[in-house]
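Only one structure is covered here, and it is reproduced in the block below.
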Amino acid sequence: MADREFGFATRTVHAGCRPDPTTGARALPIYQSTSFVFEDAEAAASYFNLQEYGNTYSRIVNPTVAAFEERVANLDGGVGAVAFASGLAAQSAAFFTLLQPGDHVVSSSALYGGTITQLKHFLGKLSVGLDFVDPDDPDAWKAALTPDTKLLFAETIGNPGGNILDIEKVAAIARQHDTPLMIDNTFATPYLCKPLDWGADIVVYSATKFLGGHGTSLGGVVVDSGDFNWSNGRFPVVADPSPAYHGLSFHDTFGFYGYLTKLRAETLRDLGAALSPFNAFLLAQGIETLPLRMRQHVANARAVAAFLESDDRVGRVSYPGLASSPYRELVRKYLPEGPSSVFCFDLPGGREHGVRFIEALTLFSHLANVGDAKSLVIHPASTTHRQLGDAELSAAGIGPGTIRLSIGLEDADDLIWDIERGLAALEDTN
Amino acid sequence: MNIERYQDPKVIRQTLTRRRVAIVGLSGNELRASNFVGRYLLRNGYDVTPVNPREEFILGRKSYASLTDIPDPIDTVDVFRQPSAVPAIASEAVAIGAGCLWLQYGVISFEGAEIAEKAGLNVVMDCCMKVEHARYLGRMHWLGFNTGRISAVRDS
Ligand SMILES: Cc1ncc(COP(=O)(O)O)c(C=O)c1O
């Protein structure tokens with residue numbers, strides 16, 4: 001509906017941030033204020049009644065946070081977005097808004113370990129049933145559906161196994177069951193893949209990773225396509241008059257803004273995990289270079305993965321961008337510019353070699369994060385995924401000698417030099 | 001049939017500058033979408049006339065049984081009714097000399113749109129007047145919604 005369909009890069013820089021009307025400030029102002037003065041009593045009432053769009057209290061709305069939200073929503077082609085203090089806060093709020101006790105969730109088993117833990121424990125406490133399925137097997141998705149299934153969940157690129165989801169297929173299964181498909185698109189970012197274009201209904205991000213891009217700030221965001229029909233009879237928790245909002249029926253009153261309005265006005269209000277304005281500023285600024293960064297992340301990851309694959313001291317290399325990857329066709333379809341820059345490889349020497357390799361590196365940072373401008377390395381079996389049993393580990397594509405890399409923006413030659421030294425350290429002591 | 005033909009940003013913005021709005025199907029129930037829109041338009045400087053035969057006053061404004069009962073001129077006829085009611089409403093909008101027939105979300109009637117268009121009215125279809133006002137003139141961006149607005153020009 002715009003006068004011109006602006007390109008992606010233009011929107012990374014401009015979406016959500018027009019010049020400040022009061023001051024003319026061109027950069028995004030940081031509205032570091034907990035609360036905002038009402039024009040008059042009627043304005044105050046109408047903001048809290050959701051009859052007008054107004055700033056009230058920064059746990060619920062904040063103009064800097066809103067700019068970040070609009071920027072992500074715009075890039076993903078959603079009707080809007082709600083930001084949270086972290087990726088997991090965004091996920092728990094997205095789940096909480098549409099689920100109620102007795103419901104059931106079908107999720108990919110190839111997920112970030114923290115998400116697996118969250119689904120198991122958080123949903124369990126809410127008396128929501130849960131089944132994990134092999135994301136690569138459409139029949140497994142279908143077989144796991146029950147009359148109570150109210151959500152399908154998966155990552156575009158599984159962390160850390162590198163499974164690529166056939167989004168269109170799983171979205172069709174979800175649609176057939178009148179159930180939304182929620183995708184964690186953290187690794188791909190909207191630059192590499194836009195799940196809403198392939199039929200997903202809701203997209204969640206840990207903005208902590210590639211969106212922010214510099215390892216400075218935690219944040220999360222939920223983007224809604226606006227297309228899901230919450231009034232199909234299966235989602236009274238969204239469609240029926242809400243006792244938590246004086247009888248308002250969110251979907252009926254706000255139409256395709258209904259889910260997001262409930263997510264903000266009720267769930268964010270009640271769970272309270274608001275994103276700080278300063279973090280929103282840093283994340284929004286990070287997005288301004290998203291296309292440039294993602295292109296370089298992918299180019300570096302391709303170079304490092306190719307080096308590892310050609311070295312016989314290394315076992316399996318799971319970068320889906322390699323020509324040898326079983327996901328090659330899915331990458332071509334969903335991630336034509338490349339499958340981001342987080343992947344694993346196996347050291348045949350197992351746990352002990354994993355530790356020795358990491359300790360020999362001097363340029364890769366040993367830490368528990370991904371999606372930074374700096375290259376990162378970790379041994380999942382002893383860190384991020386350590387809460388998981390062996391069966392769950394292998395379902396997530398992780399072995400005892402698996403090393404996860406998050407390739408940054410350094411010179412690829414320097415990264416390969418560092419990895420070469422790590423591999424040499426394994427031989428020295430053998 | 002192409003709905004986007006009836007979602008032209010220029011027409012929408014021009015229509016939003018005209019202040020006298022009749023809302024057909026405006027509900028007196030505070031929780032209904034039409035009531036939200038009517039209240040919002042009143043708060044934002046529009047002269048709102050309710051058209052609803054079942055109520056005498058809505059949002060403090062006298063309600064009329066039909067468009068043709070309204071004694072004052074109307075710029076925009078904003079419709080919250082089932083699509084099958086639209087052709088008759090469109091004919092009345094023509095009869096009272098309105099400038100635009102605006103059909104809210106889900107109120108899709110190409111037949112009604114054609115009646116209005118043939119008589120020289122602008123037509124907006126499957127759009128919300130509150131949302132479009134908030135997008136172009138208001139504060140929709142304060143709630144993280146995607147306004148689609150890209151501009152380096154400072155609003156006055
Ligand atoms: C794919 C994925 N999703 C979600 C998260 C959780 O994000 P956060 O740490 O911002 O809560 C992570 C964190 O590592 C992740 O890698």
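Side notes on the structure shown:
- The residue of the range A:239-295 that is farthest from the other protein chains (Cβ to nearest Cβ), among those that are under 30 Å from residue B:126 (Cα atoms) and β-branched (Val, Ile, Thr), is A:267.
- First in the range A:28-57 and within 13 Å of another protein chain (Cβ to nearest Cβ) and among the β-branched types (Val, Ile, Thr), second anywhere and surrounded by 19 or more Cβ atoms within 10 Å (Cβ to Cβ) and outside any strand (DSSP E or B), Cβ under 7 Å, 6 or more apart: A:56/A:47
- Hey, residue A:215 surrounded by fewer than 24 Cβ atoms within 10 Å (Cβ to Cβ), within 13 Å of the ligand (Cβ to nearest atom) and either farther than 16 Å from residue A:273 by Cα or modelled with pLDDT under 95 (or both) or not: yes
- The range A:68-86, subset within 22 Å of residue A:272 (Cα to Cα) and surrounded by fewer than 24 Cβ atoms within 10 Å (Cβ to Cβ), residue farthest from the other protein chains (Cβ to nearest Cβ): A:86
- Within the range A:188-197, the presence of a residue that is over 20 Å from the mean Cα position of the chain (by Cα) and acidic (Asp, Glu) is excluded.
- Considering the conditions (1) away from the ligand (no atom under 16 Å from the Cβ); (2) closer than 17 Å to residue A:333 by Cα, residue A:176 is excluded by exactly one of them, (2).
- For the range B:1-24, the tally of residues that are over 11 Å from the mean Cα position of the chain (by Cα), of a type in the set (A, V, I, L, M, F, W, C) and closer than 12 Å to residue B:103 by Cα stands at 1.
- Matching option when the condition is of a type in the set (S, T, N, Q) and crowded, with 22+ Cβ neighbours inside 10 Å, among A:394, A:375, A:382: A:375
- Condition check for residue B:112: in contact with a Pro (Cβ under 9 Å, 6 or more places away or on another chain) and either modelled with pLDDT of 95 or more or surrounded by fewer than 17 Cβ atoms within 10 Å (Cβ to Cβ) (or both): yes
- Among the residues making up the range A:402-411, a single one is surrounded by fewer than 21 Cβ atoms within 10 Å (Cβ to Cβ) and either over 22 Å from residue A:213 (Cα atoms) or over 26 Å from the mean Cα position of the chain (by Cα) (or both): A:411.
- Residue within the range A:95-105 that is under 25 Å from residue A:383 (Cβ atoms), buried (at least 16 other Cβ atoms within 10 Å of the Cβ) and charged (D, E, K, R) present: no
- The residue pairs whose first member lies in the range A:339-360 and is more than 18 Å from residue A:397 (Cα to Cα) and not assigned by TED's automatic domain parsing to the domain that holds residue A:381, whose second member is surrounded by fewer than 21 Cβ atoms within 10 Å (Cβ to Cβ) and of a type outside the set (Lys, Arg), and whose beta carbons are closer than 7 Å, counting only pairs six or more residues apart or on different chains, do not exist in this structure.
- Selection within the range A:99-120 - within 16 Å of the ligand (Cβ to nearest atom) and of a type outside the set (A, V, I, L, M, F, W, C): A:107, A:108, A:109, A:112, A:113, A:114, A:115, A:117, A:118, A:120
- Among the residues listed as A:207, A:154, A:144, the single one being in the same structural domain as residue A:96 (by TED's automatic domain parsing), among the aliphatic types (A, V, I, L, M) and farther than 23 Å from residue A:384 by Cβ: A:144
Conditions (1) within 11 Å of the ligand (Cβ to nearest atom); (2) under 19 Å from residue A:201 (Cα atoms); (3) assigned by TED's automatic domain parsing to the domain that holds residue A:370; (4) at pLDDT 95 or above, marked per residue:
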{"position": "A:85", "(1), (2), (3), (4)": "yes, no, no, yes"}
{"position": "A:88", "(1), (2), (3), (4)": "yes, yes, no, yes"}
{"position": "A:91", "(1), (2), (3), (4)": "yes, yes, no, yes"}
{"position": "A:97", "(1), (2), (3), (4)": "no, yes, no, yes"}
{"position": "A:122", "(1), (2), (3), (4)": "no, no, no, no"}
{"position": "A:129", "(1), (2), (3), (4)": "no, no, no, yes"}
{"position": "A:132", "(1), (2), (3), (4)": "no, no, no, yes"}
{"position": "A:135", "(1), (2), (3), (4)": "no, yes, no, yes"}
{"position": "A:140", "(1), (2), (3), (4)": "no, no, no, yes"}
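Yes/no matrix, rows are residues, columns are (1) touching a helix residue (DSSP H, G or I) at 6+ places or on another chain (Cβ under 6 Å); (2) modelled with pLDDT of 90 or more; (3) more than 22 Å from residue A:424 (Cα to Cα):
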site: A:348; (1), (2), (3): no, yes, no
site: A:363; (1), (2), (3): yes, yes, no
site: A:367; (1), (2), (3): no, yes, no
site: A:370; (1), (2), (3): no, yes, yes
site: A:399; (1), (2), (3): no, no, no
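- Residue match in the range A:160-174 (condition: touching a residue at least 12 places away in the same chain (Cβ under 8 Å), of a type outside the set (Ser, Thr, Tyr) and within 23 Å of residue A:292 (Cβ to Cβ)): no
- Being part of a loop (DSSP other than H, G, I, E, B), touching a residue at least 60 places away in the same chain (Cβ under 8 Å) and charged (D, E, K, R) holds for only one residue in B:18, B:13, and it is B:18.
- With respect to the stated conditions, residue A:240 is in the same structural domain as residue A:105 (by TED's automatic domain parsing), more than 10 Å from the ligand (Cβ to nearest atom) and surrounded by fewer than 24 Cβ atoms within 10 Å (Cβ to Cβ).
- Test: residue in the range B:25-35 that is touching a helix residue (DSSP H, G or I) at 6+ places or on another chain (Cβ under 8 Å), in a helix (DSSP H, G or I) and within 14 Å of chain A (Cβ to nearest Cβ): yes
- Candidate set: the range A:193-209, residues that are farther than 19 Å from residue A:149 by Cβ and near the ligand (Cβ under 10 Å from one of its atoms); chosen: the one farthest from the other protein chains (Cβ to nearest Cβ): A:209
The values are calculated or read from the model by the stated rules, or taken from the named source; none is laboratory data. Quick caveat: nothing in here was measured; it's all calculated off a predicted structure. Cβ sites come from the backbone with ideal geometry, for glycine too, and all protein chains shown count toward neighbours.
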